[in-house]
Amino acid sequence: MNNGSIYTHIQNNIATIEFFHPASNSFPSELLQRLTKTFEELSINSEVKVIVLKSEKEDAFCAGASFDELMSITNFEDGKQFFLGFANVINAMRKCTKLIIGRVQGKVVGGGVGLAAACDYCLATEQASIKLSELTIGIGPFVIEPAVERKLGLAALSELTLDATKWKTAYWAKEKGLFSTVFQTIEELDKEVENLTLKLVNYNPDALVEMKKVFWKNTGNWDKILEERAEISGKLVLSDFTKKALKKFIK
């Protein structure tokens, strides 16, 4: 459990992916690789019609990439591979033939915002504030930018990125298009996730597959784009600015 966990449960043609990490549900590279593989496997699983992505506990939904692993990077190749973690997950979600419903019960930071944005439909609670804090440590949300801009628009992306120390409320995120509905309690959230997914599995599965293609039109170049963005971040994480910022964070 110290390295995190990912569990998948399939019932009534609904696959629920539940991830956990003791550091606020953050993602080390190994866990990102497992999540990528999970989406790829569910994409071709004929038993599955809809996927729900959720995290364990009632606190943070996802704190982004593992900060401990980020601080351990000492060369460009390791840096690129580190940032490719979220790139591969986002591309796996984009290519997945099944609709992905995000169940966001708590705060979302950095790469976690990218995960939420890569879902086809996202439901959240009032506690699901979001923040992109990458500029504060000398890098930027380059890898997740295409997913975030696609969902929220350039103006909202700019506001999130440049005001890197400020939390935006779940209602702000709903207004910008990240969340479809915001609930007061987790119980209300879970009830709506259940209601929605039970409706979706009764629709024509071929129609759902075709709608997924429509939702993600004009993104066929993301494999290349996200790899290029991982290279940018892989270089920046080695900069003197970032090294100093990380040392301050440790202190």
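Being among the aliphatic types (A, V, I, L, M), under 21 Å from residue 243 (Cβ atoms) and buried (at least 22 other Cβ atoms within 10 Å of the Cβ) is the filter here, so list the residues in the range 138-167 that pass it.
139, 143
Which members of the range 58-71 meet the condition of being farther than 19 Å from residue 118 by Cβ and touching a helix residue (DSSP H, G or I) at 6+ places or on another chain (Cβ under 8 Å)?
Selection gives 58, 67, 69, 70, 71.
Here is a yes/no grid of residues against (1) buried (at least 21 other Cβ atoms within 10 Å of the Cβ); (2) in contact with a Gly (Cβ under 8 Å, 6 or more places away or on another chain); (3) closer than 29 Å to residue 217 by Cα:
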site	(1), (2), (3)
62	yes, yes, yes
65	yes, yes, yes
68	no, no, no
72	no, no, no
79	yes, yes, no
83	yes, yes, yes
87	yes, no, yes
91	yes, no, yes
95	no, no, yes
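Sort out which residues of the range 58-73 are in contact (Cβ under 8 Å) with a residue 40 or more places away in the chain and more than 11 Å from the chain's Cα centre (by Cα), and write them in order of number.
Scanning the range 58-73 gives 58, 59, 60, 66, 67, 68, 69, 70, 71, 73.
Given (1) part of a strand (DSSP E or B); (2) among the aliphatic types (A, V, I, L, M); (3) under 27 Å from residue 225 (Cα atoms), where does residue 70 come up short, assuming only one miss?
Status for residue 70: all satisfied but (1).
Restricting to the range 8-57, name every residue that is assigned to a loop (DSSP other than H, G, I, E, B), of a type outside the set (A, V, I, L, M) and in contact with a helix residue (DSSP H, G or I) (Cβ under 8 Å, 6 or more places away or on another chain).
12, 21, 25, 26, 28, 49
Let me spell it out: the conditions are (1) polar (S, T, N, Q); (2) farther than 30 Å from residue 47 by Cα; (3) part of a helix (DSSP H, G or I), and residue 165 meets all of them except one. Which number is the exception?
Going through the list (1) polar (S, T, N, Q); (2) farther than 30 Å from residue 47 by Cα; (3) part of a helix (DSSP H, G or I), residue 165 breaks only (3).
What are the residues in the range 97-111 that are buried (at least 24 other Cβ atoms within 10 Å of the Cβ) and in contact with a Gly (Cβ under 9 Å, 6 or more places away or on another chain), if any?
Matches in the range 97-111: 104, 108, 110, 111.
Just to be sure, is residue 114 of a type in the set (Gly, Ala, Ser), in contact with a Pro (Cβ under 8 Å, 6 or more places away or on another chain), surrounded by 23 or more Cβ atoms within 10 Å (Cβ to Cβ) and not in a loop (DSSP other than H, G, I, E, B)?
Spelling it out, residue 114 is indeed of a type in the set (Gly, Ala, Ser), in contact with a Pro (Cβ under 8 Å, 6 or more places away or on another chain), surrounded by 23 or more Cβ atoms within 10 Å (Cβ to Cβ) and not in a loop (DSSP other than H, G, I, E, B).
Going through the range 182-220 one residue at a time, which ones are among the hydroxyl-bearing types (Ser, Thr, Tyr), surrounded by fewer than 14 Cβ atoms within 10 Å (Cβ to Cβ) and in contact with a strand residue (DSSP E or B) (Cβ under 8 Å, 6 or more places away or on another chain)?
185
Name the residues in the range 117-141 that are farther than 16 Å from residue 163 by Cα, not hydroxyl-bearing (Ser, Thr, Tyr) and not in a loop (DSSP other than H, G, I, E, B), would you?
Answer for the range 117-141, where residues must be farther than 16 Å from residue 163 by Cα, not hydroxyl-bearing (Ser, Thr, Tyr) and not in a loop (DSSP other than H, G, I, E, B): 117, 118, 122, 123, 124.
Please name all residue pairs, on different chains or six or more residues apart, with Cβ atoms under 6 Å, provided the first residue is in the range 82-111 and is among the hydroxyl-bearing types (Ser, Thr, Tyr) and the second residue is surrounded by fewer than 24 Cβ atoms within 10 Å (Cβ to Cβ).
Every condition considered, the pairs that remain are 97/43; 97/209.
If I filter the range 194-205 for residues that are touching a helix residue (DSSP H, G or I) at 6+ places or on another chain (Cβ under 9 Å), charged (D, E, K, R) and under 18 Å from residue 101 (Cα atoms), do I get at least one hit?
Looking for residues that are touching a helix residue (DSSP H, G or I) at 6+ places or on another chain (Cβ under 9 Å), charged (D, E, K, R) and under 18 Å from residue 101 (Cα atoms), one finds none in the range 194-205, hence no.
Since every read-out is calculated from the coordinates, none of them should be taken as a lab result. In this text the structure is predicted, and so the values were computed from the model without any measurement. Neighbour counts run over all protein chains shown; Cβ positions are idealised from the backbone, glycine included.
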